[in-house]
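The values are calculated or read from the model by the stated rules, or taken from the named source; none is laboratory data. Here the structure is a predicted model, which means the values were calculated and not measured. Here the Cβ positions follow ideal geometry from the backbone for every residue, glycine too, while neighbour counts run over all protein chains shown.
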Amino acid sequence: MSAVNDTNFKPAVFLLTGISGQKDIHLWISVHFCLMYVISIVGNSVILFIIKTDPSLHEPMYIFLSMLAVTDFGLSMSTMPMILGMFLFNSREISLGVCFAQLFFIHLFSFTESSVLLLMAFDLFVAICNPMRYASILTPPRIAKMGQVFVLRGVAVIFPLPFLLKHYQYCQASVLSDSYCINQKVMKMACSDVRVNYIYDFFVTISIVGLNSLLILLSYMMILKTVLSIASQTECLRALSTCISHSCTFLLFYTPMVGLSVIHRFWKSSSPLLLILIGYIYLVISPMMKPIVYSVKSKHLCERIIRVFVKRRVSSSPGSSADDMGNEKHNPAITFGTLPS
């Protein structure tokens with residue numbers, strides 16, 4: 001009897017679900033997801049390649065941007081293959097081990113990205129509020145150490161989650177309401193008491209995402225205070241313009257993430273379709289949009305991307321060379337939004 005009970009409450013797989021009630025349009029949806037997946041992978045890869053190969057971009061702002069691209073790349077790789085398998089081939093079964101591994105990487109890259117956004121806000125804060133000490137504060141060794149600390153912090157807090165979930169018993173009909181695994185959805189499948197997991201999940205969310213977002217908002221308050229004290233309206237607008245890319249990225253990341261957390265914890269009667277749509281915005285659309293935002297808003301990055309793609313054409317033109325484009329001196333004061341002394 002014990003063995004039977006273990007079989008009933010320890011399923012070997014979870015069953016994934018696409019968009020409930022919309023199975024007839026799954027193939028059509030998968031075409032759009034494939035396109036967004038390709039844009040996300042190519043966009044983040046191009047940013048990483050440009051920053052790595054162009055010495056003029058080996059500066060704190062672009063180093064942090066490369067970290068952001070890595071986290072978005074990892075988030076897309078953790079989710080999209082399984083989502084596409086679900087929509088294209090109706091591949092619904094996922095083993096518990098693979099499911100726990102996926103949710104580990106989804107949460108790890110999410111929390112790491114939250115920390116990278118904090119580092120980028122700190123970069124803006126130092127550049128605008130204390131430009132004279134910018135180079136001495138954000139040195140390459142210090143940037144590397146900050147990145148390592150935040151990655152290790154993410155690993156340390158997420159590492160217990162799969163082991164906590166592994167020890168729970170799960171009902172026989174373990175059908176997830178999404179086409180990927182995240183902690184909140186897997187917990188709902190458990191037949192055991194999961195209060196420890198709920199408490200730990202809430203603690204991790206507050207200590208990482210909550211603290212990071214609070215510090216980012218504090219940085220923006222200090223930046224706004226400094227910018228408003230500038231007498232020249234032109235310089236004020238120029239300083240604020242350096243924050244546009246980060247502000248858009250902050251909203252792209254935190255709006256769906258906070259929305260999912262609030263709905264999961266406090267709005268139990270919400271529409272399942274609403275949760276699914278917000279989840280796809282967070283995991284599919286957001287990683288696709290961030291490289292586009294930074295490529296469009298960063299003049300120097302945009303110039304170098306164009307230079308790479310038109311290099312052959314320019315070099316083949318008579319009396320011209322690929323180095324003629326973007327050969328102006330890089331001005332950190334414009335890039336980082338530093339104010340004139």
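Listed conditions (1) within 30 Å of Gln22 (Cα to Cα); (2) touching a residue at least 60 places away in the same chain (Cβ under 8 Å); (3) touching a helix residue (DSSP H, G or I) at 6+ places or on another chain (Cβ under 8 Å) are all met by Met120, apart from (1). Taking the numbered list (1) over 24 Å from the mean Cα position of the chain (by Cα); (2) in a loop (DSSP other than H, G, I, E, B); (3) not charged (D, E, K, R) in turn, Leu164 passes all entries but (2). The condition of being assigned to a helix (DSSP H, G or I) and modelled with pLDDT under 80 does not hold for Val293. Just wondering, is there one or more residues in the stretch 55-70 that are modelled with pLDDT under 90 and in contact with a strand residue (DSSP E or B) (Cβ under 9 Å, 6 or more places away or on another chain)? Looking for residues that are modelled with pLDDT under 90 and in contact with a strand residue (DSSP E or B) (Cβ under 9 Å, 6 or more places away or on another chain), one finds none in the stretch 55-70, hence no. Farther than 28 Å from Val284 by Cβ and crowded, with 19+ Cβ neighbours inside 10 Å, is that true of Phe125? Yes, satisfied. Taking the conditions exactly as written (assigned to a helix (DSSP H, G or I) and out of contact with any Ser or Thr (no Cβ under 8 Å at 6 or more places or on another chain)), does Val42 satisfy them or not? Yes.
Checking each residue of the stretch 71-92 against the condition of being out of contact with any Pro (no Cβ under 8 Å at 6 or more places or on another chain), crowded, with 20+ Cβ neighbours inside 10 Å, outside any loop (DSSP other than H, G, I, E, B) and small (Gly, Ala, Ser) gives at least one match. The set of residues in the stretch 251-267 that are within 20 Å of Leu215 (Cα to Cα), hydrophobic (A, V, I, L, M, F, W, C) and surrounded by 17 or more Cβ atoms within 10 Å (Cβ to Cβ) comprises Leu252, Phe253, Met257. If you go through the stretch 93-104 and keep only what is part of a helix (DSSP H, G or I) and surrounded by fewer than 16 Cβ atoms within 10 Å (Cβ to Cβ), you end up with Gly97, Val98, Ala101. Scanning the stretch 183-203 for residues that are out of contact with any helix residue (DSSP H, G or I) (no Cβ under 6 Å at 6 or more places or on another chain), crowded, with 16+ Cβ neighbours inside 10 Å and touching a residue at least 60 places away in the same chain (Cβ under 8 Å) yields a count of 1. Could you please let me know if Pro141 is more than 18 Å from the chain's Cα centre (by Cα) and closer than 26 Å to Asn197 by Cβ? It is false that Pro141 is more than 18 Å from the chain's Cα centre (by Cα) and closer than 26 Å to Asn197 by Cβ. Can you tell me which residue is modelled with the highest pLDDT among those in the stretch 268-280 that are surrounded by fewer than 17 Cβ atoms within 10 Å (Cβ to Cβ) and of a type in the set (A, V, I, L, M)? For the stretch 268-280, the residue satisfying everything is Leu277.
Residue-by-condition table, conditions (1) within 18 Å of the chain's Cα centre (by Cα); (2) over 23 Å from Phe73 (Cα atoms); (3) in contact (Cβ under 8 Å) with a residue 24 or more places away in the chain:
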{"site": "Leu237", "(1), (2), (3)": "no, yes, no"}
{"site": "Met257", "(1), (2), (3)": "yes, no, yes"}
{"site": "Leu273", "(1), (2), (3)": "no, yes, yes"}
{"site": "Ile292", "(1), (2), (3)": "yes, no, yes"}
